[in-house]
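Coordinate-derived values only; no laboratory data. Small disclaimer: the values here were computed from a predicted structure and weren't measured.
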Amino acid sequence: MSHPSCLEPELSHPSCLATEALINFKLAPLAVRRRIAILGVLHRCLLQQGPTQLLNFFDRSRNAPGYYRTRASVRSHSNQLVERNAEYQPVLYQRSAFGATRIYNILPQWVALSPSVSAFQKNLQKLVRHRVEAGREDWADTLDWTHSTCGHPFIYDHICRLQHM
């Protein structure tokens, strides 16, 4: 069997990297797709379209975004979710959908204001693809909430943009 040509890459071929799969086939790695799905659940709750049991866990924040003028708050969107703190098993809590609220709250405005869950998830995939196309090596961590948001790519990219203005 011959190898596929460079013009027609196949996902089964070992030379097809994750970045090529994302750009050429719009197929993100499994970990990124999981994060998109969980963030979609949070967006569904914000849109009041989920089951009531789930809606009770993820509430819209009552605080106005950007109340304190900081570099991080400058880019806050208007659909903030309440970030809950776990006293019991904080690592498990942080790795769950509750930890995903931290990433949801720092998403760009154009993503967070998506009118539907489907549009929201498409915009998340576009966001990841933009970071791949920009040559960012940390693109796979774009939606990762298990790390500190202090040095998260969204905040870092925004601060860099502010410094170049």
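Remarks
- Taking θ as phi - 60° and the Karplus parameters 6.51, -1.76 and 1.60, the scalar couplings of segment 122-139 work out to 5, 5, 4, 5, 4, 4, 5, 4, 4, 5, 5, 5, 7, x, 6, 6, 9, 4 Hz in sequence order, x denoting glycine and proline.
- Residues in segment 92-107 carry Karplus couplings, in order, of 5, 5, 5, 7, 8, 4, 5, x, 5, 4, 4, 6, 4, 6, 10, 5 Hz; the curve used is 6.51 cos²θ - 1.76 cosθ + 1.60 with θ = phi - 60°, and Gly or Pro positions show x.
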